[in-house]
Every structure is written in C-alpha cells, then in structure tokens.
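Presented below is the structure to which this report refers.
Since every read-out is calculated from the coordinates, none of them should be taken as a lab result. Since we're looking at a predicted model, the values are computed, not measured. With ideal geometry, Cβ positions are generated from the backbone for all residues, glycine too; neighbour counts draw on all protein chains shown.
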Amino acid sequence: MRLGQTSVIHFTSRFFASLLGFVATIFIARFLGSGTLGTYYLVLSTVSWLGIAVEMGVPSAINKRVSEDEDEAAYAIAGGVIAFCLFLVVSVLILLFRHHINDYIGYPAAQIVVLFLFVNLIQSSVNSILNGQHLVHISGIFNPIRTGTRSIVQISAILLGLKITGLFIGYTAGYALVSVLGLWIAVRNFPSVSLPTLEHYRRIISYAEYSWLGEIRSRAFNWVDVAVLGFFVSSSLVGIYTAAWNIAVFLILFGGSLSQTLFPEMSSLSAEEDAQSVADLFETALTYGGLILIPGLVGGTLLGERLLRIYGEEFTQGTVVLSVLIVATLIQGYQRQFTTTLDAIDRPDVSFRVNAVFIGANVILNVSLIPPFEVVGAAAATAASVAISLVVAYFSLSSLIEFSVPLGEIGKQWTAAAVMGVVVYTGLWLESAHISVGNNLVVVITLVGFGAAVYFGTLFAISSYFRTTVDQNLPIDFPTV
C-alpha cells in the first residue's frame with residue numbers, strides 16, 4: 001500500500017509540474033513564437049547532452065548505493081565530489097569551444113549552458129540522494145515547485161520585455177530553489193555523516209561505469225531527435241516538434257513515478273537476495289506501466305489536432321508527429337520498467353547493453369529518417385528504436401529472473417480505452433455536427449475530463465485487480481469496493 005500511495009503522490013506532483021510547464025510553453029509560444037521556443041529548446045537539448053559528460057552515471061550510482069542503507073552520507077559526498085570535478089572539466093571545454101556552440105544554437109548561449117549544467121547537476125544529485133533514502137514522494141513534490149517557480153518567473157520576465165533572457169532566468173531560479181530545499185531535507189535524513197574512503201569512491205565508480213549509458217539512453221529518448229532536427233530543419237519546426245513532445249510526455253509520467261518508487265525497494269530486496277519479491281514488484285510495474293499511456297494513445301490520436309491548436313494554428317502541423325510520439329512513449333513506459341529492474345538487481349552491465357542498442361538504433365534512424373521526412377521521421381525513429389530496445393530488454397531480464405507478463409490486466413486496460421475512444425469520438429462528432437461550442441480549449445478540457453472518467457470507470461468495473469489496488473491505496477476504507 002505504501003508503494004502505491006508513494007507512486008500516486010510522485011505522479012500527481014509530476015503531473016501538476018508538467019501541467020504548469022504546459023501552460024508556460026503555451027504562453028511562450030503565443031508571445032514569442034515557435035522560433036524563440038525552438039531556440040530555447042535547442043539550448044536545453046545542448047545542456048542535456050553535455051550533462052552526460054558532467055554526470056557520467058554518478059547520480060544513478062548515488063541512488064543505488066544510498067538505497068542499500070549503509071554509509072549513505074559517505075556515498076553521497078563521494079558522488080558529489082566526482083560529479084563536481086567532471087563539471088569543472090566540461091565547463092572549461094564549453095568556454096573554449098563557445099563559438100561552435102553558439103553557431104549551432106543560433107544564439108550566444110555558451111555561458112548560459114554552463115550555468116544550466118551546474119543547476120541541473122546539483123538538482124539531479126540531490127534527487128538521487130532523496131530517492132535512495134526512499135523519499136521518492138518528497139523528490140516528486142519538488143517537481144511542481146521547480147516548474148511552478150520557473151514558469152512564474154519566465155512569464156513575469158516576458159511581460160517585462162526580457163524575451164528569451166527571461167526564459168533563462170526562470171529556468172535557473174526553479175532549479176536553484178528545489179536544489180537548496182532538497183539538500184536541506186537530505187542532510188537532515190542521514191542517520192550519521194562520515195567522510196568517504198577510497199572504497200566509497202570505488203563503489204560509486206564501479207556502478208557509474210555502466211549506468212552512465214543509462215543517462216545517455218534517457219537523453220537519447222528525449223533529445224536525439226531535437227538535436228538532429230537542429231541541423232536539418234528551421235527553429236520553427238523544432239518548436240512545433242517540441243510542442244507535440246510536451247504533450248506526449250504527459251502520458252509517461254505515471255510509469256516514471258512507478259519505476260522511481262519501486263527502484264529503491266527492488267534494490268533493497270536484491271541486496272537481501274530475495275529474487276521472488278523483486279519479480280513480484282516487476283510484474284506490478286508491468287501491470288500499471290500502461291495505465292495512463294494506453295488511454296493516452298487513444299485519446300491523443302483522436303484529439304491531437306485540437307490539443308496542438310491550443311499552442312496556435314501553426315502548431316497543428318505536428319498532428320501526425322504527436323500520434324507517433326505517443327506510440328513511442330507507450331513503448332518506453334514498458335521498456336523503462338525492464339531497465340529499472342536490471343539496475344535494481346545490480347546488473348547495470350546488462351542494462352548497459354540494452355541502452356547501447358537503443359542509442360545506436362536511435363541515432364542511426366534519426367539521421368536516416370529526418371532528412372527525407374523531417375519531424376515525422378524524427379518521431380518514427382524514436383518509436384522504432386525504443387521498440388527494438390524493449391525486445392532486447394525482455395530477453396535480457398528473462399534470462400536473469402522468472403516473471404510473467406500480465407496480459408490479462410493489460411488487455412482490460414485496452415478494453416476500457418476502447419470504450420473511452422468511442423465516447424470521445426462521439427463527443428467530437430456531436431460538437432462538430434450539432435453543438436458548436438466555438439471555444440477549442442473548452443472542448444478539449446471537457447472531452448479529456450469526460451474521457452478519463454469513462455476510462456477509469458470502465459476499468460474499475462471490469463478489473464477486480466484494479467479495484468483491489470484502488471481499495472488498498474485509498475486513504476480511507478470503504479466497506480464494499
């Protein structure tokens with residue numbers, strides 16, 4: 001029950017964070033246009049890729065070692081020292097090659113990239129410590145705080161006429177605030193504080209030498225397409241693509257919250273050599289990995305054009321892109337559960353190979369498909385590469401632990417999503433043929449809300465497993481559920 005409630009708290013926090021970011025992105029798109037939005041996301045893409053060299057898997061190693069409940073503070077300090085040294089090296093290289101970076105982005109942003117790398121590193125390291133301390137719900141709550149602060153500062157700065165500079169200020173403010181708050185909480189939760197020895201550094205590095213590719217894999221899923229698009233299409237098309245992507249990532253939030261919640265628990269069980277309990281948790285993760293993604297695919301396909309119209313008419317060019325990206329996030333939702341489990345059972349070497357397959361396929365497919373098909377090719381490349389890695393991940397994990405795929409429960413989720421799709425399609429037909437509302441935002445909010453109610457109501461009716469899960473995780477008891 002505790003794990004379910006933690007997942008819901010973490011998901012709810014990330015949902016509201018994404019909602020705030022969504023609103024801010026709409027504001028930016030409408031006030032500054034797709035060109036400025038594209039430039040801003042090229043900066044973030046650059047930061048994301050360079051961040052790999054700064055982190056090198058260290059935050060993941062901190063999470064793993066702290067979750068083992070031994071010498072937590074020493075491992076956190078060791079990881080922080082290693083990451084800061086890497087940051088200094090990368091920062092010097094960025095400043096030396098700043099002209100190349102500025103030319104790629106189309107804006108003098110090299111110093112901004114260094115600043116963003118620093119606040120990202122602090123926030124990532126702090127989150128890893130909190131997650132390792134089994135405080136996933138706390139790190140989750142920081143998401144809306146960070147995004148809310150960033151959005152408020154960005155919108156205020158734009159209204160003051162600061163344009164893209166205001167976007168940079170807001171981003172920095174949001175990350176800096178949660179870093180300070182998170183570090184304060186993490187330090188207070190250490191049972192004792194001791195300085196690291198060489199053995200602590202060695203164990204951080206031994207895990208990070210494999211987990212760093214997981215960082216690349218995460219970046220690749222989010223940013224390879226944007227990075228390659230920057231070479232072949234206009235910043236306006238990049239802005240349209242990232243608008244579609246922002247909608248798609250809404251749907252992957254619950255799966256991410258689930259994997260982050262279960263990782264420290266799986267890690268502890270693995271350290272105790274309790275393989276069956278790890279398998280049980282993994283099967284639970286598979287059961288609910290598509291809980292939001294499956295109806296999201298159906299609803300997003302039906303409402304895609306209307307969702308993108310919220311950003312502005314020019315963004316409706318990304319309707320097909322949105323549907324393909326939602327397929328990619330659905331596959332990614334399941335694939336992430338496999339790699340999380342591999343990391344939790346202390347097999348980052350196997351996870352390394354799975355991630356290598358994804359990264360190689362993603363880069364090759366993006367470079368091959370973007371020149372002829374532009375943004376649609378980028379979306380297709382992401383979906384195809386994550387599908388390939390899912391197959392590899394399945395066979396890799398099945399060779400290490402015994403598990404079964406809960407096809408029955410996943411099938412019930414698809415059934416409920418189909419019922420929801422019929423209802424949403426009927427609503428769209430009625431609005432266009434008989435009831436002209438006239439306000440696109442009202443139509444979208446109404447159909448999304450009603451569709452969600454139909455989906456969960458139907459799933460609640462047809463799945464006893466889902467009813468039991470809901471009953472066990474409600475804050476109050478109901479006599480008959």
**Request:** Just name one of Ala279, Ser192, Gly299: the one whose Cα is farthest towards the positive end of the charge dipole of the chain (beta-carbon charges, Lys/Arg +1, Asp/Glu -1).
**Result:** Gly299
**Prompt:** Based on the Cβ-Cβ distance of Phe31 and Asn439, what FRET efficiency does E = 1/(1 + (r/R0)^6) give at R0 = 30 Å, to the nearest 0.05?
**Reply:** 0.90
**Item:** Kirkwood-type radius of segment 2-405, with distances r between different C-alpha atoms, in Å
**Value:** 21.4 Å
**Fill in**
Residues Asp103, Asp71 in order from fewest to most other beta-carbon atoms within 10 Å are Asp103, Asp71
**Prompt:** How high is the relative contact order of the chain, in percent, counting Cα pairs under 8 Å that sit 6 or more residues apart?
**Reply:** 19 percent
**Asked** Looking at the P(r) of segment 382-449, how many percent of alpha-carbon pairs lie beyond 21 Å?
**Response** 56 percent
**Asked** Within the P(r) computed for segment 22-135, what percentage of the Cα pairs occupies the region above 19 Å?
**Response** 54 percent
**Asked** So for the pair Val89, Leu162, with labels modelled 7 Å out along Cα→Cβ, what separation do we get in nm?
**Response** 3.4 nm
**Range in the chain, longest, excluding exposed GluC sites (Glu not before Pro) [loop by DSSP; at most 10 other beta-carbon atoms within 10 Å]** = 71-271
**Prompt:** Based on Cα positions only, what radius of gyration and what Dmax would you give for segment 70-206, in angstroms?
**Reply:** 17.3, 53
**Asked** Placing +1 at every Lys and Arg Cβ and -1 at every Asp and Glu Cβ, with all other atoms neutral, what dipole size does the chain have around its Cα centre, in debye to the nearest 20?
**Response** 1200 debye
**Item:** Exposure proxy ranking, count of Cβ atoms within 10 Å, fewest first, for Arg150, Arg347
**Value:** Arg347, Arg150
